[in-house]
Amino acid sequence: MLFRSLAIQHGRRWRLTYPFARNLYLEGTFTTISCAGTDHYGIMFRAPQYNDGIGYYVGLSCKGQVFMDWFDGSKSHTLLDWTFAPSALTGKDQTNRLGVMVADQQFSIYVNGVLVKTVTNDSLVDRGHFGVFVNATETPNFTFKVEVIREWDQP
């Protein structure tokens, strides 16, 4: 599936699945088509609704940095500020796997199978939808391909 942000600096755009999950391992394989600097993409989870953007976000920038935050419906709350991920492939025409192990209030973030950071937060504890998002900050028509997104339920 191709995913594109048509304009820069217009916020996140997302697509969510039907299943509701709470504890899971979620991993997406993404290939960038056009990409630069702080343009970023990633996975969203524990989203109670399809249309309001509330949920957790784990993203990877085109320059190889990961972040995590959650959106409460009016503003984002940073849980992991932009952090360099040595295992990330940077720039356009690169394929990266971005994953998060979700266990109650603990979130372990992986890039290409390598643990980057574990974060704890209890703001959104209920089950929710999951999916992918995009945010163009530098490149008009920032585009990536979702090669695969996998979800494994956890106890």
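The values are calculated or read from the model by the stated rules, or taken from the named source; none is laboratory data. As the structure is a computational prediction, the values presented were derived from the model and not from experiment. Note that we place each Cβ from the backbone using ideal geometry, even for glycine, and neighbour counts take in every protein chain shown.
The table for this structure:
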{"quantity": "Meets criteria (at pLDDT below 95, over 26 Å from residue 19 (Cβ atoms) and either of a type outside the set (Lys, Arg) or part of a strand (DSSP E or B) (or both)) for residue 78", "calculated": "no"}
{"quantity": "Options 42, 113, 37; residue that is in contact (Cβ under 8 Å) with a residue 60 or more places away in the chain and either within 25 Å of residue 155 (Cα to Cα) or touching a His at 6+ places or on another chain (Cβ under 7 Å) (or both)", "calculated": "42"}
{"quantity": "Test: residue 113 is modelled with pLDDT under 95, more than 14 Å from the chain's Cα centre (by Cα) and on the phi > 0 side of the Ramachandran plot", "calculated": "no"}
{"quantity": "Unique match (being modelled with pLDDT of 95 or more, out of contact with any Phe, Trp or Tyr (no Cβ under 7 Å at 6 or more places or on another chain), of a type in the set (Val, Ile, Thr) and part of a loop (DSSP other than H, G, I, E, B)) among 90, 29", "calculated": "90"}
{"quantity": "Residue tally, condition assigned to a strand (DSSP E or B), in contact (Cβ under 8 Å) with a residue 40 or more places away in the chain and either farther than 15 Å from residue 97 by Cβ or of a type in the set (Val, Ile, Thr) (or both), over region 52-70", "calculated": "7"}
{"quantity": "Output for region 49-76, where each listed residue is hydroxyl-bearing (Ser, Thr, Tyr), more than 15 Å from residue 112 (Cα to Cα) and surrounded by 14 or more Cβ atoms within 10 Å (Cβ to Cβ)", "calculated": "56, 57, 76"}
{"quantity": "First in region 1-21 and over 16 Å from residue 48 (Cβ atoms), second anywhere and at pLDDT below 75 and in a strand (DSSP E or B), Cβ under 6 Å, 6 or more apart", "calculated": "5/13"}
{"quantity": "Output for region 45-66, where each listed residue is modelled with pLDDT under 95 and aliphatic (A, V, I, L, M)", "calculated": "47, 54"}
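Yes or no, residue by residue, for (1) within 24 Å of residue 126 (Cβ to Cβ); (2) under 16 Å from the mean Cα position of the chain (by Cα):
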site: 14; (1), (2): yes, yes
site: 20; (1), (2): yes, no
site: 26; (1), (2): yes, yes
site: 45; (1), (2): yes, yes
site: 67; (1), (2): yes, yes
site: 71; (1), (2): yes, yes
site: 92; (1), (2): no, no
site: 104; (1), (2): yes, no
